[in-house]
Structures are given as structure tokens and as C-alpha cells.
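Below is one structure; the comments refer to it alone.
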Amino acid sequence: MLMVSEKTIKNLVEKADLPASVKEELYEKLVEYNKRYDLKKTEVEAIIEETVKEYQNALVEPGEAIGTVAAQSIGEPSTQMTLNTFHYAGVAEINVTLGLPRIIEIVDARKNPSTPIMTVYLDEKHRYDREKALEVARRIEGTTLENLAREETIDILNFEYIVEIDPERLEKAGLDMEKVRRKLEGSFKSAEFEVDGYTLIVRPKKAAKLSDLRRLAEKVKKHRLKGLSGVGKTIIRKEGDEYVIYTEGSNFKQVLKVPGVDPTRTRTNNIHEIAEVLGIEAARNAIIEEIVNTMREQGLEVDVRHIMLVADVMTLDGVILPIGRHGVVGEKASVLARAAFEITTQHLFEAAERGETDPLNGVVENVLIGQPVPVGTGIVKLAMNLPLRPKRE
Amino acid sequence: MAMQSMKKVIGSIEFGILSPQEIRKMSAAEITVPDTYDDDGYPIEGGLMDKRLGVIDPGLRCETCGAKAGECPGHFGHVELARPVIHVGFAKTIHRVLESTCRECGRIKLTDEEIEEYMKKFEVMGDRKKAVDKLIREIHKKARERMVCPHCGAPQFPIKFERPTIYWELRKDEEGNEYKHRMMPSEIRERLEKIPDEDLPLLGLHPEKSRPEWMVLTVLPVPPVTMRPSITLESGIRAEDDLTHKLVDIIRINNRLKSNIEAGAPQLIIEDLWDLLQYHVTTYINNETSGIPPAKHKSGRPLKTLAQRLKGKEGRFRGNLSGKRVNFSARTVISPDPMISINEVGVPIAVAMELTVPEKVTEFNFEKLKQRVLNGPDKYPGANYVIDPEGRRIRLMENNLELIAEKLDIGWTVERHLEDGDVVLFNRQPSLHRMSIMAHRVRVMPYKTFRLNLAVCPPYNADFDGDEMNLHVPQTEEAQAEAKILMEVQNHIISPRYGGPLIAGIQDHISGGYLLTREGAYFTRTEVEQMLMFAGVDVDELPKPDKVENGVELWSGKTIFSLLLPDDLTIWYRNKLCDEPERCEALEKLIEEKLIPDPEEVRKLAYDGFVYIQNGKLLSGAIDKKAYGREDGKLLDVIVREYGVERARQFLDQVTKLTIWVITHKGFTTAIDDEDLPQEALDRIKEIIREAEERVQKLIEAYKRGELEPLPGKTLEETLESKIMAVLAEARDNAGKVAERYLGMNNHAVIMAKTGARGKILNITQMAAMLGQQSIRGKRLYRGYRGRVLTHFKPGDLGARARGFVVNSYKSGLTPQEYFFHAMGGREGLVDTAVRTAQSGYMQRRLINALQDLKVDYDGTVRDPTGIIVQFRYGEDGVDPMKSWGGKTIDVDRVIIRTLLKTRAKG
């Protein structure tokens, strides 16, 4: 018998009632197997039929309490996670929150993660050259006087704050003494700055108390000389054939505008920033990816579908809601569901005040009043009037 | 009867504030006497235990409904308060309402245009809680700042709220002098009364269900006696409920206040009493109100009043409504029994005689049930109760057995003892996932523990070091059917978390599988017959012996294992033992080329690391965790999906028994000499340690000389630490490798580690070679004394041994210092676990509360209970994770191969 052509396979696969991704995979695999085993048309048909059957069998059943299953599937393995907050993920130099604390952080939708990190990818021009990557990194990296200083002293006698600057670090940061002076002068009107070689002398214009000098020194020390706000040190790493910049701290909005940065691949682990810059759908994907990565790093297997559901619930309203009384649970329509979760009495008083009505269509409410819950077998209703038997006289 | 209660369905629950009229209307009696019982122990009329409020003492009858104690649900009473008091729960709202409305005309301090605008906004919003909250706050802010009423033009004053229930008006007299005016509840109530119904929605109130003046109490409802029963102690002394105590206080002060007012007492005294009344009413509602001392019992224990009854984990909501105590349940210690099926549970006979199943008498079971009744409660398969057609429950006792057995007829129900084959729910806490409660079939057994098959330990996370488990007996046919269809153990072999087997062979099942199926494992006829008998494998005839040696017929383990497999099963995979990839590749290539290769050819290439099963015959490879272990049991996975859960259960039952026979008869143990290493190995390890310590020392010297290059973004000290850690970790790995080289697959500990039965190679390394670096929070140990961990070292010693590097193995024994270091590292682990359980428990509770209402609808969308679509297609492909192939929608390769094999085998 003749070998089936790729076109026939394509046609047959297209006709099948399957999701696009499966169709694609099926087609590719069939072509591959066809080359190896010379499939017959009947065989191809049988395979497709079998695939469709298998797919139909694998579909979720209506009423399935997938919410509870998702919550359990994420909650149960979290008991096995490490509590070690800090760990090195890929980059040895930057600490990242991992394990259970990270999952809690994501689910809580914290405004600022405890260890914000950006992974900055570079555009075609900058990505293959270390020097060029460094150039971009310098634009991003936040540098303060403190980072450049080799030694600092407060001269009480002359009422000066003297900073010895490390020339090497100064150069690495792409600055020179003149730039530093100008920058500081622009920001601090109350002080004079003098440069002597690699020594910077800070003199307050008004000689007041020593504590004022100390305060000024502290401010000058922490003053950002260059880089993006919120971003600390950067690390350049070679990944495959390109250089990637990792940053401690995150400023997603600004980093995308930095020349040399590839804005299509650059990412941050601060979900709120993603929501703000790229929109809520991107935030949803970020939540999924962050949870998946954290789970995988801990060696725990959890199906993405569960994580997707959590992400979808969190982003349903167009803003990121935390899982908890200030977010998803607090927004529930049911008074009883809210009261049964946390802060019971306040919810009841508020409900009375507003004259709320609990429609009793959730799970907890029905458990509370002792009725079948509206999930699983509880959604099935009989179209039949009870009592079946006539009432006894 | 039981069915009748099903007919009524609660459609919705309305919340609101009771008006004084309503309170009076529902009241059965006005309570005026601050006392409960008289000296004879009889309820005082008009007292808090008034018989019109219901009765709790047996023998008395309720004067409102005439029912006996236990039948009468109780009735509310009321107290007419001499002066109005604030309801603490609404104190904040009262403040907000006062601030938002005019002190003269009672209108909300918004212009007509604003009112219209906000009304429209409310309409659009519907009942989205957060948005409504925000709008109400906005309105409040706007209205509060208006110091002249837009409706009547009256000047307004700011109102200060002092927690919990005091309000001050910061008035100004004509000269502009500020002075504080204390607003008494009666004045507040008058103001609230003036607010027109139309303005209420803007204040977040409901005109019919919650008039603001109802937040100031003039009449206090007295809850029925049934909700605050007094308890009689053994000594005969009556102890009243906390609520009753509080009510006594309220009525006493109320009476005093009343008589003082009547007697025309000075204003000061009246106000003091008024405040006292306010205090008692406040604590009666919530005894944890901030700003006032909680009311205490005589013993000093704070009283549990209304709010405390509802709140928290043991409160009404979480403790009594979301979760309830149940009958028909049992709890005892669990112990293993490999001989029962995975879906069975061994129930002690004592438990079986206590728990009952109601069974309707029909013509088919009449004789059986009659016998049960005759056996009665004290003889095993018996019964404890019968229910006659009128619904009367009759207890079976020694003396009425025959009488009732005679009367027993179709239409009766017999509550018979638990018998073999009944479905029960079995549970172990913490119930972290749905597999923590599964349905099992009863197996009544002697002794006093629940028995369960070892393969179901993983889902319950159970072991036998004293664990206890609970058992519940479903009482209705519906419940039993659901348990059987949805909850039975075999339906949960695949975990919905990752789409792989969760109920699987463990430990000895896997070691045993390896001993049975590895190359060179042969068994005599007696052995084969015994093990098949033990495993419950039903074969008519043994297959041909694989070889005959010295006239003795021998069967290979693979042949025997094949007897358990479905006849048409074909599968191949690399297992955990594959450490020579070339041999696997050779086999893979053969299979790929031929598709259905000749068994003999496969046998020639047979390798323990590559499993090939053709038509239910294991031709190559040894069985390990990849076959039927947890999470990655491919063989088990395929059997469940392609042959069904019942076949999978049978396979698991047989394979666990078979492997246990093998392991018990071959002998499998690990002793101290399993960790023996030859002298040369020990020397090599010593050398590795010496080298590592030397390198560490060099690093420290370089650091001290200031020659160490810091890593980017790290201080010098951190650089040193991470470099030392790297050196020492490498040293342990190398020592482990040395140990591994000398311990082969005839070492039982190695078999366990390599097959995935239990433990890791690391554990063997730690026993045989060395323990390695101990750490706290990922760092070397450093806490203790100044500059050193233990006084056995010099201060500032950064060397390997001074900072928790343990060079000894468990076998060679730890030095006292090492032992201490080890304990430090161990303690961190313990603390970690304790903290983690609390944290993850709370997170899971929140997740469940947030997600539990979501379900898949008939159209495949995921919706919340209000019908809002959360996902258009569940998980983007609509596939149930439990039915997915380890998360993939479909394993296309498997489908193609399977279909091809089927069609090609025919042709």
C-alpha cells in the first residue's frame, strides 16, 4: 500500500475535534512516525480517532470542584517546602527569596517583594559583547558615593566630611570626580564640594552643630549619583551566547526605556510593576511563572492548571487582589462566607447595617446551614416534584 | 421524618437590625428580676430563667409553646431599658452617620445634585463590595467637611468619637468660644430619628432593614434559656452561663437606674448609672471591646459574651457550623496489613459492633436481617437498633430480641453492625488534600487497630509510629453510592496535583521488585508456586521454565513478574538504574527499527537499566521506582489509564504481595557492616579531607594577607566563606564518590538508594564516609562564643573543623565537638518544620477560602457562584489534571505507538 502523504495527514488531523496545540503536536509526530514506519491511511485514521477519544476522556467533568483541588494542590506540597528565605537562584551573587516565603509573597500580592530582581536582556547590538553589556549595566546600576568610597572621615576640627574615592570603582561606574562633584552640587544646595585628586571634601555652607554635619554626610553618602531609582548592584552573566544583566532591586518602567535593553524579554519579579507597565494579562502570566518556578526549584510537581486558576482569580478584577481577607475572600458576595473566614463579628454588623442579603450560592454558606453544596454532585438537580408518594392522610 | 427536612430549602438569608417594635413583638416576656432560680431551684417569674423563655430542666413545660425540655426551641424575652444605650457594634457607624448628617434637619449634608449623582453611581455598582465601601467612604468624607447644612442652612459642628461609646460635639458659642458637649445616647437617638429614609442608602444603610436609630438600644432582647443553659455541678451547685451573668448585671443596673430616675435623683448619679448600664450592655455584646476593661467572672476569667461565642477557630462559625462533631465514627491506632487490598480497611470487631449501617428490610434481605436482629447488640454480626415503619427507633436489648425479630417486616429498617464489604470513609489529619479522606471496604478483624495496606500510606501521609485515624460510616444510600463511585481508593491512584500515581509501591515493594526481576534472579518451582499463591495470582499453568540447571527447573523473576501484567501491554522506558546509556540506546534503537522486535533479540541485549515489556512479557530491565513507585511509576500509570482503576488495584495488590514474598524469603537487611569500606578507601577519604583542610587553610591565609579577590558584589568575608563552603562541599562529594565505588549492587543500602526504595546515596555517604559541613541558614556555623562556636577552638579560628565540618561518618563515630555541631544543624531542621507547618497551614486555609466556590460549568467555563466567568476553558485545554499525562494534554507518542502496535500485530 502507498505511504500516506503529509498533506493527507494534515487534512485528517485538521478535521479532528482537538485543541490547536494537540493538533499541531499530533501532526508533527505523525509525520515523524510516517517517515519511520510508513503509516497506512487506515492507521493514521485510527490514531486520530484514538487521540480524540483519549482527549474526550480527559476532559473535566462539569461541576468538578476545581477551585478546592487547585488550593489543595498548592497548599499540600507547601508543607514540604523549605523555609530558607535566601537562596541563590542561578546567580550566585544575588539573593532571592524562595520556597514557602516566596509563594506566600506572591499569593499575598505584596506591593514590594522582599528581594526584587530584574533580568535585563539586551538588544542585538549589546548582547554579545561584554563591554557593551557593561555599558548598559552602568546606565542601570544605582551608584552612591558610599559604593565608590574607599574611606570616609568626618573632620571635626575643620568641620568637613572627607571621602577618599576608589579610582577603580569610580571608573567602573563610568564616572569621574568632576561628574560626581557636579551631580552632588546640583542636589545639595546647603553644602560646598571640593575635589582634590581622588578626595572629595564636603563642607556645609552654614557651620552649625556637629550632628548636622553627620546628617549631611549620611545624606551625601546615600545620594544616588547615577542609575535607576530602586536599583542596586548589577551582575552580568553569560547565558548561552549572550550576556544578561541581573539587578538587585527593580524599576521595570524605567529599565525598558534604557537604550540597549531588549524590552521584549526583560523581566522583573515584582508582579505589581508588571501589572502597571504591561497590563493585567502579563501580570497573570507573571504570577503563573513565578509560582511554577518556585515550585520547580523546590522539586515539587504541581500541574500548571491549578496555578493558572489561582492567577486568574487574583487578576479577575483587572487589579491584583491578594488571596485573603483584604482581597479575594473579602470581596465575596456572601456575608456568611466572609464571616466564616476571618473577622466574624465586623462582617455580621456590617451586613446588618447595610441590610445585605446572602444569596447562599457558595460552598461555605451551604455547609453552614446544612444544605448540599453547589459543586460536584451538588449541582445535579432532579426535574421531579417531591413527594413522590401522595401524602398519607 | 428524615426525608421531610430535605424538602425545605433555605433560599437566602437577610441581615438587618431589629427595631424596638420587633424586639417587643417577638418577646415572650419582659424580664425585670435580676435573678434566675428561687431557693427551691424553681425558675422565678419575670427572671432570667422565666418559663416563658423555654425550659431546660427536665419535667418542666415551656409556658409559651407547652413543649418539654429538649423539644422547645426557646423564646426571646426583652428588657425595657430605662435610658437608651449605644450598641457597640455600630458605634463607628453612628459616628459616621452623625458626621454626615445635619444636626438640625437630619438630611445628609450633600446638595441635591450630589445626592442624585451618588445615587446613580450606587445603581451602576450593584453589589461589588469593595467599590461600595469606597463610595460610602467618599460620601462620608464629603459630607463631614460641610460645616453648613446645604438643606436648612444650619451651622454644623465636628463630632469627636471616644472609644468605645462616647461622643462629643465640639460646639462654639456666640462669642466663638469652643466647648465640648457630651452627647448622651438619647440625644443621639433623637438626631438619628430625624434622618429621612431617602438619604439612608447614601449612608450605606437600608431604610427598611436598618434605621440608624435602631443602633441605639431602647429595648434589649433577652435570648432564650436554651442558648444559655445553666449547668448543675456534681455538688449540686448551679453554675449559670456567662450570658446569664451579664444579663443579671444589666437588669440590676437598669432597675437601679429606673428607681433613681423615678426618685428624682441628681443628674450626676443618673449619668453614672447610665454609663454603667452602657458598660454592661457593651460587654454583653462584645467583651473584647478595646478601651474598656473586660467583664470578669468571679474567678477572674473574662466572660465569654456574644461576640466571643461567634469568633475564632472554636467559635460558632468555624467550630460548630463549618465543621461539626459527628456520630457513626471511630478512631484508633493504625497498623499495617500487606494482605488486605488497597481499598480495604481492617476494622476491629469492637468497632464493628458499635458502628451501624441502616439497612431497609426487603424481601431479599429479610432472612439475613432477621438473623442480625436475633443476634442482637452483643453477638457479632448483629444489630443495635431497628426502626419501625412509623419512624420509631427501638433499641435492641438482650430481652427484646425475639419479640422484635418476630415483628420485623418489610418496610422496617435495621441498624446492623458493620460487616465485610460495607463502604466507610477513612481519614487521617491533617486533611491537606482530598486523598486524605477515601472510601474503603470494611474487613472486620480481631484486635484493636485499624489495618491498612501499605500502598495507601502516601496519600494519607501515614506511618505506624502511633498514628491514629478516623473512620466514618455513611448512613444513607446516596452517601454510600457517592463514596463508592467517587471516593474509593482506586479512583485516587493518580493524584490530581501532578497527574501521576500517588498510591503506589513503597520501600520494600520496590527493593523486592528489584530482587525479583534483576538479571540472574531465578527461582525454583516450589518458590514460584509459593510466591504466586501468596500474591493471589491465579494461573492455570506455569509458563515454561527459563532454564534447567542440574535437572532443576528454574524460572526467572521476569517471567514471574510478567504473570501480573495485562497480556497486551507493551511499554519501554529507561529506569533509575540506567548508568550505561549506550546499552539503553542500543535497545531503544532496536525497538525503534523493528517496532515489534523479536523477544530473543531483546533478551540478548537485556539490561537492568532499560525496561522493555512486550505483550505483557518483561523482556529486559529490572523493576524499580520508575515502574510502580510514587510520582514516577510509569508502568502503574499506563495500567491505570489503559486498563482501568480496577485492574490497577489488582495489579498493585498482587505486585506488593509478590515483592514482599520475595524480600522476606530472600532476606533483606542493612547492618553496620554494610557500611564497611576497605582500608584503601578509608585512606583515600582521609587524603581528601587533608587536602580540603589544606586548601581551606590556604584560603584563610590568603584572606589574612589581603590577597583574596572579592567576588563581585560580595565582601571579602563573604567571598572567603563561599569559597570555603565550595571546597568542603566538593570534599564531601568526593568522599561520597569513593565510598560509592566500593559499595556495589549487592549492598542492600545501595539497592534501596539506587532503586529509589528509600534513602539517597548521600545517606550512605554520611554513614560510611563522612558527614560533611553542618550549616545553619545556609552558612557555616558561627554562633556561640565570641569568635568561636565552641571553647575547644581558638577565638577567630576560621578553619574547617572549628566551623562545623564533620570529618567522621556515623559509623566511625563523631567527636564530642562534631556531635554538638551536628545537633546544631539538626535543631534548625526541627524549628524549620514547626514554623513551616503553621505558615503553610494558614496559606492553604486562605487559598481554599478564596477558591472553593469555583467550579466547571456545563459549558466548560470556570465560574464563581455569581456566574462570573473566571476561565473560558478550564486550564486552557479543558483537561482534568488527574486525567492528563503528568500535566500534558495527551501523550501523543503513547497513543500513536499503542495504536500502531495494535494494528501491526494483527497484520
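Rule-based calculations on the coordinates, nothing more; no lab input. Keep in mind that this is a model prediction, so the values were computed, not measured. A quick note on method: Cβ atoms are made from the backbone with ideal geometry, for glycine too, and the neighbour counts reach across all protein chains shown.
Converting phi to 3J(HN,Hα) with the Karplus coefficients 6.51, -1.76 and 1.60 and the offset θ = phi - 60°, region B:161-166 yields 10, 10, 5, x, 9, 10 Hz in sequence order, with x at every glycine or proline. The calculated FRET efficiency for residue B:138 paired with residue B:339, based on their beta-carbon distance and R0 = 51 Å, is about 0.15. Across region B:391-401, computed HN-Hα scalar couplings (Karplus, 6.51 cos²θ - 1.76 cosθ + 1.60, θ = phi - 60°) run x, 7, 8, 10, 7, 7, 9, 2, 8, 10, 4 Hz from first to last residue, x flagging Gly and Pro. How large is Rg over Rh for chain B, taking Rg from the Cα atoms and Rh as the Kirkwood inverse mean of 1/r across Cα pairs? Rounded to two decimals, Rg over Rh is 1.08. Sparse packing (at most 11 other Cβ atoms within 10 Å of the Cβ) combined with a DSSP loop state is found for the following trypsin sites (Lys or Arg not before Pro) in region B:278-359: B:298, B:313, B:324, B:325. Mean per-residue shielding of peptide A:45-57 is 5, counting Cβ atoms of other chains within 10 Å of each Cβ. The stretch between residue B:239 and residue B:538, if pulled fully straight at 0.36 nm per residue, gains 100.8 nm over its current Cα-Cα span. As a size descriptor, the averaged projected area of the C-alpha convex hull of region A:165-237 was calculated at 5.7 nm².
Mind jotting down the distance between the C-alpha centroids of region B:789-844 and region B:366-381, whole Å? Comparing the Cα centres of region B:366-381 and region B:789-844, I get a distance of 62 Å.
Take the Cα of residue A:8, step 7 Å toward its Cβ, do the same at residue B:172, and the gap between the two points is 9.6 nm. The trypsin sites (Lys or Arg not before Pro) of region B:1-89 that meet both conditions, a loop assignment by DSSP and at most 12 other Cβ atoms within 10 Å of the site Cβ, are B:8.
Which ordering of A:198, A:33, B:573 is given by a fewest-first count of other beta-carbon atoms within 10 Å? Present the calculation step by step, with values, prior to reporting the outcome.
Working: A:198 15, A:33 21, B:573 18.
Neighbour counts put them in this order, fewest first: A:198, B:573, A:33.
Indicate the gyration tensor shape class of chain A (rounded, prolate or oblate), computed on the Cα atoms with a ≥ b ≥ c the square roots of the eigenvalues: a/c under 1.5 is rounded; otherwise a/b larger than b/c is prolate and the rest oblate. The shape class here is oblate. Per residue of B:209-217, other chain Cβ atoms within 10 Å of the residue Cβ number 2 on average.
Taking the highest mean first, how do the peptides B:732-741, B:504-513, B:273-282, B:234-243 order by number of other beta carbon atoms within 10 angstrom per residue? Walk me through the numbers before you get to the answer.
Working: B:732-741: 19.4, B:504-513: 25.1, B:273-282: 21.3, B:234-243: 12.5.
Listed from highest to lowest mean packing, they are B:504-513, B:273-282, B:732-741, B:234-243.
Across all Cα pairs in region B:570-718, the calculated P(r) in 10 Å bins from zero up to the longest distance comes to 9, 22, 21, 15, 15, 13, 4, 0 percent per bin. What the Cβ-Cβ distance of residue B:733 and residue B:680 gives, at R0 = 25 Å and to the nearest 0.05, is a FRET efficiency of 0.85.
What percent does the relative contact order of region B:211-308 come to when contacts are Cα pairs within less than 8 Å and at least six residues apart? Walk me through the numbers on the way to the answer.
Numbers: 77 pairs, mean separation 21.0, N = 98.
Computed over region B:211-308, the figure is 21 percent.
Computed on the Cα trace of region B:838-891, the radius of gyration divided by the Kirkwood hydrodynamic radius gives Rg/Rh = 1.07. Comparing B:97, A:13, B:207 along the charge dipole axis of the protein assembly as shown, the residue lying farthest to the positive side is B:97, per the Cβ-charge model. Ranked for footprinting exposure by Cβ neighbours inside 10 Å, fewest first, B:148, A:313 give B:148, A:313.
Taking 0.36 nm per residue of sequence separation and removing the Cα-Cα distance, the residue B:868/residue B:112 pair yields an extension gain of 268.6 nm. The fewest-to-most ranking of B:362, B:64, A:315 by surrounding Cβ atoms within 10 Å reads B:362, B:64, A:315. Take the Cα of residue B:367, step 7 Å toward its Cβ, do the same at residue A:181, and the gap between the two points is 11.5 nm. Taking a ≥ b ≥ c as the square roots of the eigenvalues of the Cα gyration tensor, an a/c ratio of 1.5 or more together with a/b no larger than b/c marks region A:267-319 as oblate.
Which order do the peptides B:283-295, A:224-236 take when ranked by the mean count of other beta-carbon atoms within 10 Å per residue, highest first?
Details: B:283-295: 17.0, A:224-236: 19.1.
Answer by packing, highest mean first, reads A:224-236, B:283-295.
I'd like the chymotrypsin sites (Phe, Trp or Tyr not before Pro) in region B:291-367 restricted to DSSP loop residues with at most 10 other Cβ atoms within 10 Å, sorted by number. Let's see the in-between values first.
Working: sites: B:317, B:328, B:364, B:366; in loops: B:328, B:364.
For chymotrypsin sites (Phe, Trp or Tyr not before Pro) across region B:291-367 that sit outside H, G, I, E and B with at most 10 neighbouring Cβ atoms in 10 Å, the list reads B:364.
Maximal additional length on extending the residue B:8-residue B:427 stretch stands at 147.7 nm, based on 0.36 nm per residue less the C-alpha distance. Ordering A:187-193, B:436-442, B:379-385 by mean Cβ neighbour count within 10 Å, with the highest value first, yields B:436-442, B:379-385, A:187-193. Isolated cysteines of the protein assembly as shown, defined as having no other cysteine beta carbon under 4.7 Å away, are B:65, B:457, B:578, B:584.
For region A:208-261, what's the relative contact order in percent, using C-alpha pairs closer than 8 Å and at least 6 residues apart?
With pairs under 8 Å counted, the relative contact order is 26 percent.
From its DSSP helices (H runs of at least four residues, each -39,500 (n - 2.57)), the protein assembly as shown gives a residue-normalised ellipticity at 222 nm of -12500 deg cm²/dmol.
If you wrap a convex hull around the alpha carbons of region B:401-545, what volume per residue comes out, as a whole number of Å³? The partial results should precede the final answer.
On the way: hull volume 31.8 nm³, N = 145.
Residue-normalised Cα hull volume stands at 220 Å³.
With the Kirkwood sum run over all distinct C-alpha pairs, the protein assembly as shown has a hydrodynamic radius of 38.1 Å.
How many Cβ atoms of partner chains, on average, are near each residue of A:296-309 if near means within 10 Å of its Cβ?
5
For region B:819-867, the gyration tensor built on C-alpha atoms gives a prolate shape. Its axis ratio a/c (a ≥ b ≥ c) is at least 1.5, and a/b is the larger of a/b and b/c.
Spin-label model, residue B:465 to residue B:160: label points 7 Å out along the Cα-to-beta-carbon direction sit 6.2 nm apart. Quick check: the distance between the Cα centres of region B:444-505 and region A:138-217, to the nearest angstrom? About 70 Å separates the Cα centre of region B:444-505 from the one of region A:138-217.
So for chain B, averaging the separation of alpha carbon pairs under 8 Å that are six or more residues apart and normalising by length, what relative contact order in percent results? Working shown, then result.
Details: 1442 pairs, mean separation 68.1, N = 907.
Result for chain B is 8 percent.
The calculated FRET efficiency for the pair residue B:835 and residue B:288, based on their C-beta separation and a Förster distance of 25 Å, comes to about 0.35.
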